[in-house]
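Participant: Here's a structure for you.
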Amino acid sequence: MPLSTHVSTASGQTRLLAEGSRLVFGRGPDVDLIVAAGRGLSRRAGMVTVLAAGAWIANISRTHALYVEGEGYQVRLPRMENDGEPASGWFVRTGTALVGSRVMLDEGQALVVTVMLQFGEAAGPRGAGPADRAVPTGIGLTGTGLADEVDRTDAIDRVNGSGQTEVDDADSAEAGTLLPFYLDPMTKLFLVALMWCRPWLLDPSATRPLPRTPEIARGALEVTGAYHELERFDADPDYRDMLAARVAEHIKVLRRKIADRGLAAADVRLSDEVAVRILIEHGIITSADLSRLDDPAWRSRQEDLWWTQS
């Protein structure tokens, strides 16, 4: 089914992009789409490339990060460090993604990239649902441009042997590319990451100490309202050690994912401080996620995961 891709600005400009075309945007004059934004956006900020399977969004700035946001995710695309073509980005199969600097996103001034099915006999436009969401991608660029075709399956949740829910990414379009990772908010791994990052989300100066595994476990009990479990946690050292060990396994998974996706140099030790900084800077866990701590539906789901299915 053919796709239709539009890029719109907050000021009302709209571009309809054909398959195989590229659109460069930024606040400078030498772009295809000029965006009225402050210095948080580069003069040549990003690029949208339209493929048969969807739209690929890349950061082409050497000085500024670019953010992509949609339902259930916010991703930070780091600035380019080398000349040439960007080697990774964010792929939107169908649905809508907001793109811009953090200020643009916060102030509702982001670009809107919309990919939808064209009208046909069997289907009309549709938004991003569970099977049609944006997925992280490390689509490579060859010396002659984009690979001819990208066919990526959706990221799918799976449960591993320890009961942790993870996210599997489809194979990348080119060998050797590394993929960012997405944490499903409705998983135990997400809650551990959120509790781990919470002090620095509340204090961007990063002066607060980060919690250790027993503190993260206790925080999970408090968030999920598991007060009887909390009493047992404080009184029973064996139970406390068991929950702390469970959290330690989740922390191990987060560190492995950071390393596997190439978000830290191979010679960098992934201390708590380094790992948390990466999770925050890459938009894997954001300050907006703190609002989930006051969301009864999310807390109830986490309670089911931690204490019903444990």
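The values are calculated or read from the model by the stated rules, or taken from the named source; none is laboratory data. This is a predicted model, so every value here is computed, not measured. Please note: Cβ atoms are built from the backbone with ideal geometry, for glycine as well, and neighbour counts cover all protein chains shown. With ligands, DNA and RNA removed, areas are computed over all heavy atoms of the protein, side chains included. Shrake-Rupley method; radii C 1.70, N 1.55, O 1.52, S 1.80 Å.
Participant: With the condition kept exactly as written, say whether any residue in the stretch 75-82 is among the β-branched types (Val, Ile, Thr) and within 13 Å of Leu111 (Cβ to Cβ). Even if it seems obvious, please write down each step before you answer.
Facilitator: Let us first name the residues in the stretch 75-82 that are among the β-branched types (Val, Ile, Thr), namely 75.
Add one more test, that the residue is within 13 Å of Leu111 (Cβ to Cβ), and what stays is none.
There is no residue in the stretch 75-82 that is among the β-branched types (Val, Ile, Thr) and within 13 Å of Leu111 (Cβ to Cβ).
Participant: Here's another thing I want to ask about it. For a quick check of your reading of the model, give me the residue pairs whose first member lies in the stretch 283-310 and is closer than 26 Å to Gly100 by Cβ and among the polar types (S, T, N, Q), whose second is at pLDDT below 90 and assigned to a helix (DSSP H, G or I), with beta-carbon atoms closer than 8 Å and at least 6 apart or on different chains.
Facilitator: As it stands, the answer is Thr286/Ile280, since those pairs meet every condition given.
Participant: Further, regarding this structure: Go through the stretch 260-277 and give me each residue that's surrounded by 13 or more Cβ atoms within 10 Å (Cβ to Cβ), modelled with pLDDT under 85 and either on the phi > 0 side of the Ramachandran plot or in a helix (DSSP H, G or I) (or both).
Facilitator: Gly262
Participant: If you don't mind, another one. Go over the candidates Ser61, Ser88, Ser101 one by one and state the one that is more than 22 Å from Ser4 (Cα to Cα), at pLDDT below 85 and not hydrophobic (A, V, I, L, M, F, W, C). I'd like the intermediate steps shown before the answer.
Facilitator: Details: Ser61 fails: at pLDDT below 85; Ser101 fails: at pLDDT below 85.
Just a single option satisfies the conditions, and that option is Ser88.
Participant: Filter the stretch 76-93 for residues that are touching a residue at least 40 places away in the same chain (Cβ under 8 Å) and closer than 20 Å to Gly38 by Cα; which is surrounded by the fewest Cβ atoms within 10 Å (Cβ to Cβ)?
Facilitator: Per the criteria, the residue is Pro78.
Participant: Being within 16 Å of Met186 (Cβ to Cβ) and open to solvent by less than 50 Å² (accessible area, probe 1.4 Å) narrows it down to one of Ile251, Ile280, Ile285, so name that one. Show your work before the answer.
Facilitator: Numbers: Ile251 fails: within 16 Å of Met186 (Cβ to Cβ); Ile280 fails: within 16 Å of Met186 (Cβ to Cβ).
Selected residue: Ile285, the only one of Ile251, Ile280, Ile285 that is within 16 Å of Met186 (Cβ to Cβ) and open to solvent by less than 50 Å² (accessible area, probe 1.4 Å).
Participant: Further, regarding this structure: If only one of Glu215, Glu231 is among the charged types (D, E, K, R) and at pLDDT below 95, which one is it?
Facilitator: Working: Glu215 fails: at pLDDT below 95.
Glu231 is the lone residue from the list that is among the charged types (D, E, K, R) and at pLDDT below 95.
Participant: Now for a separate question. Would it be correct to say that Gly28 is outside any strand (DSSP E or B), free of Cβ contacts under 8 Å to residues at least 24 places away in the same chain and either on the phi > 0 side of the Ramachandran plot or not acidic (Asp, Glu) (or both)? Talk me through it step by step, then tell me what you get.
Facilitator: On the way: outside any strand (DSSP E or B): yes; free of Cβ contacts under 8 Å to residues at least 24 places away in the same chain: yes; either on the phi > 0 side of the Ramachandran plot or not acidic (Asp, Glu) (or both): yes.
Spelling it out, Gly28 is indeed outside any strand (DSSP E or B), free of Cβ contacts under 8 Å to residues at least 24 places away in the same chain and either on the phi > 0 side of the Ramachandran plot or not acidic (Asp, Glu) (or both).
Participant: Just to be sure before I move on: is Arg301 over 17 Å from Leu183 (Cβ atoms), open to solvent by 40 Å² or more (accessible area, probe 1.4 Å) and not aromatic (Phe, Trp, Tyr) in the structure I sent? Lay out the reasoning, then the answer.
Facilitator: Details: over 17 Å from Leu183 (Cβ atoms): no; open to solvent by 40 Å² or more (accessible area, probe 1.4 Å): yes; not aromatic (Phe, Trp, Tyr): yes.
So Arg301 fails the test.
Participant: Please count how many residues of the stretch 218-228 are surrounded by fewer than 19 Cβ atoms within 10 Å (Cβ to Cβ) and modelled with pLDDT of 90 or more.
Facilitator: Taking the stretch 218-228 first, the residues surrounded by fewer than 19 Cβ atoms within 10 Å (Cβ to Cβ) are 222, 225-228.
Applying the additional criterion that residues be modelled with pLDDT of 90 or more yields 222.
Residues that pass the stated criteria total 1.
Participant: Only one of these is surrounded by 19 or more Cβ atoms within 10 Å (Cβ to Cβ), at negative phi, modelled with pLDDT of 85 or more and of a type outside the set (Gly, Ala, Ser): Thr96, Thr114, Thr137. Name it.
Facilitator: Working: Thr96 fails: surrounded by 19 or more Cβ atoms within 10 Å (Cβ to Cβ); Thr137 fails: modelled with pLDDT of 85 or more.
After applying the criteria, what remains is Thr114.
Participant: While we're here: State which residue pairs qualify: first residue under 14 Å from Leu183 (Cβ atoms) and inside the stretch 256-268, second residue among the aromatic types (Phe, Trp, Tyr) and at pLDDT below 80 in any location, beta carbons under 7 Å apart, and separation of 6 or more residues or different chains.
Facilitator: Close Cβ pairs satisfying both conditions: Lys257/Phe181; Arg261/Phe181.
Participant: Here's a follow-up. Looking at (1) of a type outside the set (Gly, Ala, Ser); (2) open to solvent by 20 Å² or more (accessible area, probe 1.4 Å); (3) in contact with a Pro (Cβ under 8 Å, 6 or more places away or on another chain), can you tell me which one Met47 breaks?
Facilitator: For Met47, the exception is condition (2).
Participant: Go through the stretch 202-217 and give me each residue that's touching a residue at least 24 places away in the same chain (Cβ under 8 Å), surrounded by 16 or more Cβ atoms within 10 Å (Cβ to Cβ) and touching a Lys or Arg at 6+ places or on another chain (Cβ under 8 Å).
Facilitator: Pro214, Ala217
Participant: Regarding the stretch 156-170, can at least one residue be identified that is among the basic types (Lys, Arg) and modelled with pLDDT of 90 or more? Outline the logic, then answer.
Facilitator: Here is the first cut: in the stretch 156-170, the ones among the basic types (Lys, Arg) are 158.
If we keep only those that are modelled with pLDDT of 90 or more too, we end up with none.
Among the residues of the stretch 156-170, not one is among the basic types (Lys, Arg) and modelled with pLDDT of 90 or more, which makes the answer no.
Participant: Considering the stretch 4-38 alone, what residues qualify as being open to solvent by less than 20 Å² (accessible area, probe 1.4 Å), small (Gly, Ala, Ser) and under 14 Å from Val99 (Cβ atoms)?
Facilitator: Across the stretch 4-38, the qualifying residue is only Gly26.
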